[in-house]
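Trainee: Got a structure here, written out as structure tokens. Questions coming.
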Amino acid sequence: MIFLNNYGKRVISQLTKIKNSTIIPLGINEDKFKFLTKNINHRAPNQQIKIIYISEVTNYKNHYDIISQLKNSNINFIMYFVGKVYTPYYKKLKKLNFSFKKFIFTGNLDPSQVIRLLKDSDLFLFASSVENFPVSVLEGLVSNKPLLTTRDEPVKSIIGKRGLFFSLQKPGDLELKINKAITKFKKKNAICKK
């Protein structure tokens with residue numbers, strides 16, 4: 001049997017009697033994503049931080065919790081939700097009474113549009129609670145953006161120490177980690193200039 005990651009192999013192996021297996025992870029064309037991260041230090045004080053979340057807009061991707069926790073945030077941001085929007089879930093989201101100028105649903109985009117939007121973003125967010133091997137997380141990693149994600153597996157193993165983890169079960173934690181990512185990113189850019 002072929003698995004995409006150690007987490008999948010471990011979970012399935014506990015439930016079955018599979019003896020022969022191997023791991024062959026998915027990959028991406030890294031050349032399409034090689035670009036420098038924008039420097040948040042050069043933003044005007046009133047300029048919005050751009051956050052991107054590439055994923056279908058459906059219940060287990062946790063858009064509801066993200067919007068609930070950030071709709072009244074003092075952080076000056078705009079968040080792009082990139083991916084197919086499922087109508088019943090979107091209707092539920094609209095009941096949250098949030099600003100459509102702050103949270104933008106792009107729907108499906110072609111790969112070149114996704115790359116352009118990713119290139120223009122400052123932070124990469126991933127909040128799905130059920131995944132096998134999220135390719136968009138790989139895109140976030142190779143884009144050199146500060147990455148914020150939940151601790152859910154297998155994302156936690158993929159990210160390792162290269163991102164900040166947040167919990168949607170802890171009110172205020174996502175906002176705290178966004179602020180931490182912005183601060184950390186500014187310090188990193190200041191060090192690089194010296």
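Only the coordinates and a few stated rules stand behind these numbers; no lab work does. Computed from a predicted structure; not experimentally measured. All Cβ positions, glycine included, derive from the backbone under ideal geometry; neighbour counts span all protein chains shown.
Trainee: Using modelled backbone amide H atoms (1.01 Å from N, in-plane), which distant-in-sequence or interchain residues come within less than 5 Å of Val57's amide H?
Mentor: Lys84, Val85, Tyr86
Trainee: Sorting check: for 95-108, 47-60, 150-163, which peptide has the highest mean count of neighbouring beta carbons within 10 Å, and how do the rest follow?
Mentor: Output ranking for 95-108, 47-60, 150-163: 47-60, 150-163, 95-108.
Trainee: Among Tyr53, Gln113, Ile66, flag the residue with its Cα farthest along the positive direction of the charge dipole of segment 46-113, charges on Cβ as +1 for Lys/Arg and -1 for Asp/Glu.
Mentor: Value computed over the given set: Ile66.
Trainee: Separate question: Please say if segment 67-189 is rounded, prolate or oblate, where rounded means a/c under 1.5 for a ≥ b ≥ c the square roots of the C-alpha gyration tensor eigenvalues, and otherwise the choice is prolate for a/b larger than b/c and oblate otherwise?
Mentor: rounded
Trainee: Measure up Lys61/Lys92; Lys61/Lys94; Lys50/Lys101; Lys61/Lys145 against 22 Å on the Cα-Cα distance and list the ones that go over.
Mentor: Cα-Cα > 22 Å for no pair; all within.
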